[in-house]
Amino acid sequence: MSTTTKQTNILLWHYSCPDCGFSDADTGYHGQTHMIHCEVCLEDNRHVKLKRWPVDHDSSTLPGGALSRS
Ligand SMILES: [Zn+2]
């Protein structure tokens, strides 16, 4: 009767770079689990950790629709 072993495998993330502002809203695609550092800052040899939070289950996959929530 135990369901305590339920795993939540989060595969997709919203992300935002605190340094340059690069985010999933800019690219139109979500980040993946291995995506830890900002790609834009990496090109400048800066390792900036992205702020990440899980994608909602019912979130729209339409590009540009990510910021419609107010
Ligand atoms: Zn950045």
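Here, each number is a calculation from the coordinates, and none is a lab measurement. Computed from a predicted structure; not experimentally measured. Every residue, glycine as well, gets a Cβ built from its backbone with ideal geometry; the counts of neighbours run over all protein chains shown.
Spin-label model, Asp44/Tyr29: points 7 Å from Cα along the beta carbon direction are separated by 2.4 nm. For region 12-54, the C-alpha radius of gyration divided by 2.2 N^0.38 Å, with N the number of residues, is 1.01. Looking at region 8-48, the chymotrypsin sites (Phe, Trp or Tyr not before Pro) that sit in a DSSP loop and have at most 14 other Cβ atoms within 10 Å of their own Cβ are Tyr29. Our coupling estimate for region 36-46, obtained by passing each phi through the Karplus curve with A = 6.51, B = -1.76, C = 1.60 and θ = phi - 60°, is 10, 9, 5, 5, 5, 5, 4, 5, 9, 6, 10 Hz, Gly and Pro reported as x.
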